[in-house]
Amino acid sequence: MSTEPVLQIRDLEAWYGESHVLHGMEFDVRAGEVVALIGRNGAGKTTTLRAITGIVKKRAGSVKIDGTEAIKLRSDKIAKLGLGYVPEERGIFATLSVRENLLLPPAVKPNGMTEAQIYELFPRLQERARSQGTKLSGGEQQMLAIARVLRTGARLLLLDEPSEGLAPVIVQHIGRIICSLRDQGFTIVLVEQNFRFAATCADRFVVVEHGKVVDQVASADMDAKSGELAAYLGV
Ligand code: ATP
């Protein structure tokens, strides 16, 4: 079995114009892992995801996806390596129905989930299939945003704050879905402010401060290190 990580980040730098935001990010994600990026507001977590996807264009260093160097590739080519990105704002098309939103993105790899498989995982989306994007609750929007990337065949998923703005019961539901995706062999990188939520299925926490990784904690060591983690998050 290959021990090469699905995602390998080395010396990753990124800029918005002249503003230098990532300063040598480094971490690995192995197949089937759930890794949560945590850290204070403005630490550079979202920018890390956006630099991996190629949405932030001014970047340097190395981002390898399944061993392929992606740092110089355009975002459409990076997606074809099997990467699916769910941004914080979810990106649901308001005037399209749930089903239209679901069927819109092109496949990036073969063997994406079928519509039937999506509805099995998200029965609520089947009930809402004909509803317009504008009519969806926050939780339904988040489910749809995740479902859309599952349709594309992506196996490495980047999820930016999937719990944000959702009621606690819905947060738990989304957490169960993420754990179930991990059990189905997806590899997942989450950005999360909600530490409890992240802890439900993260195998490892990567702590980001000032655009770089300052610590990594396996979930097995969480209890012992909870004080340090709380300090990093300023809580
Ligand atoms: P948050 O949870 O607040 O989003 P974060 O850790 O995800 O925090 P980023 O959104 O990656 O942080 O932001 C890192 C830094 O980059 C911050 O100083 C932020 O102000 C800046 N930044 C983010 N987006 C842009 C942008 N589009 N243009 C310029 N600067 C930006």
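In table form, for the structure just shown:
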item	result
The stretch 134-166, residues that are small (Gly, Ala, Ser) and open to solvent by 50 Å² or more (accessible area, probe 1.4 Å)	Ser137, Gly165
Close pairs from the stretch 131-148: first in contact (Cβ under 8 Å) with a residue 12 or more places away in the chain, partner among the hydroxyl-bearing types (Ser, Thr, Tyr), Cβ under 7 Å, at least 6 apart	Ser131/Ser97; Gln132/Thr95; Gln132/Ser97; Gly133/Thr95
Cβ-Cβ under 6 Å pairs, at least 6 apart or on other chains, the stretch 183-206 side free of Cβ contacts under 8 Å to residues at least 40 places away in the same chain and within 16 Å of Pro168 (Cα to Cα), far side among the hydrophobic types (A, V, I, L, M, F, W, C) and open to solvent by 10 Å² or more (accessible area, probe 1.4 Å)	Phe197/Val171
Gly234 being farther than 17 Å from Ile38 by Cα and open to solvent by 10 Å² or more (accessible area, probe 1.4 Å)	no
Strands (runs of 3 or more DSSP E) enclosed by the stretch 125-235 - at least 2 residues per element that are polar (S, T, N, Q) and out of contact with any Ser or Thr (no Cβ under 6 Å at 6 or more places or on another chain)	none
Condition met for Ala224 (away from the ligand (no atom under 15 Å from the Cβ) and under 19 Å from Ile9 (Cβ atoms))	no
From Arg30, Arg40, Arg59, Arg90, residue being within 30 Å of Arg128 (Cα to Cα) and either within 16 Å of the ligand (Cβ to nearest atom) or at pLDDT 95 or above (or both)	Arg90
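To keep it simple, each residue is scored yes or no on (1) within 16 Å of the ligand (Cβ to nearest atom); (2) in contact (Cβ under 8 Å) with a residue 24 or more places away in the chain; (3) crowded, with 20+ Cβ neighbours inside 10 Å.
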| site | (1), (2), (3) |
| --- | --- |
| Asp11 | no, yes, no |
| Val34 | no, yes, yes |
| Thr47 | yes, yes, yes |
| Arg50 | yes, yes, yes |
| Ile78 | no, yes, yes |
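The values are calculated or read from the model by the stated rules, or taken from the named source; none is laboratory data. Not measured: the values here are computed from a predicted model. Because the Cβ atoms are built from the backbone with ideal geometry, glycine has one as well, and the counts that use them run over all protein chains shown. Side chains are part of the model used for accessible areas, which takes the heavy atoms of the whole protein and leaves out ligands, DNA and RNA. Shrake-Rupley method; radii C 1.70, N 1.55, O 1.52, S 1.80 Å.
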